[in-house]
Amino acid sequence: MDTKHLIISQKEGVGRVQLHRPRVLNALNKELVAELADVLDKMDRDDEVRVALITGGPKCFAAGADIDEMAESSAVEMLLEDQFAQWDRIRRFSKPLIAAVSGPALGGGCELAMVCDMILASEKARFGQPEVNLGVMPGAGGTQRLSRAVGKARAMEMVLTGRSMTAREALNAGLINRVVPVELLEEEAMKLAREVASKPPVAVRLAKRSVLKSFDTTVEEGLDYEQKLFYFLFATEDQREGMKAFQEKRKPRFRGK
Ligand code: CAA
């Protein structure tokens with residue numbers, strides 16, 4: 001099931017994808033990003049996968065877009081190739097997506113972590129948008145997601161100076177969920193993924209959609225959207241099961257229907 005640049009596995013409802021271009025610190029070339037979009041597409045359609053986990057392993061999450069691949073590109077080539085179309089596919093993954101970050105998550109690497117719904121980091125993680133040092137700027141959501149996550153002041157400083165944040169700083173800024181020792185990162189990430197995977201999949205999927213909606217709508221429209229999704233969940237068997245199990249004082253058995 002592995003691809004050229006990804007190590008893929010699946011257990012207990014969790015689809016795990018490890019970025020694997022260690023020689024170049026998991027630089028995100030076009031092929032890798034397309035593979036990732038394909039794998040996530042498949043996992044989105046696979047009922048056995050309830051949550052996906054993206055990691056780069058203990059040394060490096062991803063050092064950004066592949067600079068060697070784009071160094072000689074023209075504006076027209078960039079436009080016609082439209083590499084960000086693949087990022088849009090990743091962004092549309094409808095199940096929970098967790099990033100386990102250790103080492104650098106820079107440029108596109110930081111942007112990939114931010115596409116995820118939750119980020120767990122090791123003490124060795126570093127987050128940054130250093131594109132300005134290359135004569136460009138973030139292009140896969142960095143200016144938009146970072147400023148929403150950490151606020152204008154911090155985002156401006158990171159984007160305009162290229163300085164990165166340590167894991168602790170990222171935690172204090174609200175960019176990530178938690179910092180753990182390197183040797184526990186995988187275990188903690190899997191634990192969180194399994195916990196979410198045990199919840200009713202339709203409710204989880206719609207709850208994710210509703211939280212994301214809050215970032216690009218008015219509160220009024222967002223509340224309306226949320227209410228509709230809430231009402232919709234009363235059409236699921238899992239709603240019946242969840243509430244009945246509570247009344248009968250037993251554990252629910254969610255089936256994703
Ligand atoms: N693209 C291509 N190759 C890269 C790379 C990248 N983004 N990042 C690292 N590499 C390669 C290096 O060229 C080096 O290869 P060689 O051994 O063949 O020389 C190898 O990975 C190891 O890297 P370093 O020797 O630099 O390792 P280091 O530990 O000294 O430094 C680092 C680590 C600070 C992450 C440094 O590699 C670095 O600054 N990388 C570039 C980070 C960056 O600028 N990212 C933004 C890219 S642009 C982008 O992402 C646009 C977007 O929004 C989509």
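The values are calculated or read from the model by the stated rules, or taken from the named source; none is laboratory data. Not measured: the values here are computed from a predicted model. Because the Cβ atoms are built from the backbone with ideal geometry, glycine has one as well, and the counts that use them run over all protein chains shown. With ligands, DNA and RNA removed, areas are computed over all heavy atoms of the protein, side chains included. Shrake-Rupley method; radii C 1.70, N 1.55, O 1.52, S 1.80 Å.
With a ≥ b ≥ c the root eigenvalues of the C-alpha gyration tensor of the stretch 118-257, is it rounded (a/c under 1.5), prolate (a/b larger than b/c) or oblate?
oblate
Taking a 1.4 Å probe, which of LEU40, LEU184, LEU229, LEU79 shows the most accessible area, and what order do the others take after it?
From most exposed to least exposed: LEU79, LEU184, LEU229, LEU40.
GNM, the chain, Cα, under 10 Å: largest mean-square fluctuation among GLY57, GLY222, GLY109?
GLY222
Accessible area of the stretch 1-144 with a 1.4 Å probe: how many percent of it is carbon plus sulfur?
Carbon and sulfur: 53 percent of the exposed surface of the stretch 1-144.
Enter the accessible area per residue of the stretch 1-121 (Å², integer; probe 1.4 Å; all protein chains in place). All intermediate terms of the calculation are to be shown ahead of the outcome.
Working: 5400 Å² over 121 residues.
Heavy-atom SASA per residue in the stretch 1-121 reads 45 Å².
Express in nm, to one decimal, how much length is gained between ASP47 and GLN227 on full extension, taking 0.36 nm for each residue of separation and deducting their alpha carbon distance.
62.2 nm
Given a 10 angstrom Cα cut-off, can you work out which residue in ALA100, ALA203, ALA121 is the most mobile in a GNM of the chain?
ALA203
Report the relative contact order of the chain, percent, no decimals, based on alpha-carbon pairs under 8 angstrom and at least 6 residues apart.
Relative contact order, the chain: 16 percent.
Please compute the length gained on full extension between VAL182 and GLN247, using 0.36 nm multiplied by the number of residues separating them and subtracting their Cα-Cα distance.
Going from the current span to full extension adds 19.3 nm.
Considering only protein heavy atoms, with the full assembly of protein chains and a 1.4 angstrom probe, order VAL219, VAL179 by accessible area, largest first.
My answer, sorted largest first, is VAL219, VAL179.
Could you tell me how far the Cα centroid of the stretch 96-161 sits from the Cα centroid of the stretch 44-89, in Å?
14
Over the stretch 51-131, calculate the relative contact order: mean separation of alpha carbon pairs under 8 Å at least 6 apart, over the residue count, as a percent. Each step should come with its number before you reach the end.
Working: 127 pairs, mean separation 32.1, N = 81.
About 40 percent, as a whole number.
As a test question: what accessible area, to the nearest 10 Å², does MET114 have when a 1.4 Å probe is rolled over all protein chains in place?
Per-residue accessible area (MET114): approximately 20 Å².
Could you tell me the accessible area of PHE254 in Å² (1.4 Å probe, neighbours in place), rounded to the nearest ten?
Per-residue accessible area (PHE254): approximately 50 Å².
Once the whole set of protein chains is in place, how much accessible area is left on PHE234, using a 1.4 Å probe, in Å² to the nearest 10?
Answer for PHE234: close to 80 Å² accessible.
Residues with beta-carbon under 14 Å from that of ALA167, excluding ALA167: net charge, scoring Lys, Arg +1 and Asp, Glu -1? Before the final figure, lay out the partial values.
On the way: positive: LYS124, ARG126, ARG168, ARG178; negative: GLU123, GLU169, GLU188.
Once all neighbours under 14 Å are counted, the net charge is +1.
If you plug each phi of the stretch 162-178 into the Karplus form 6.51 cos²θ - 1.76 cosθ + 1.60 with θ = phi - 60°, what whole-Hz ³J(HN,Hα) values come out, in order, with x for Gly and Pro?
Those phi angles translate into x, 5, 9, 10, 6, 4, 4, 4, 5, 5, 5, 7, x, 6, 10, 8, 6 Hz.
Can you sort LYS249, LYS124, LYS191, LYS30 by solvent-accessible area, 1.4 Å probe, largest first?
Final ranking, largest accessible area leading: LYS249, LYS124, LYS191, LYS30.
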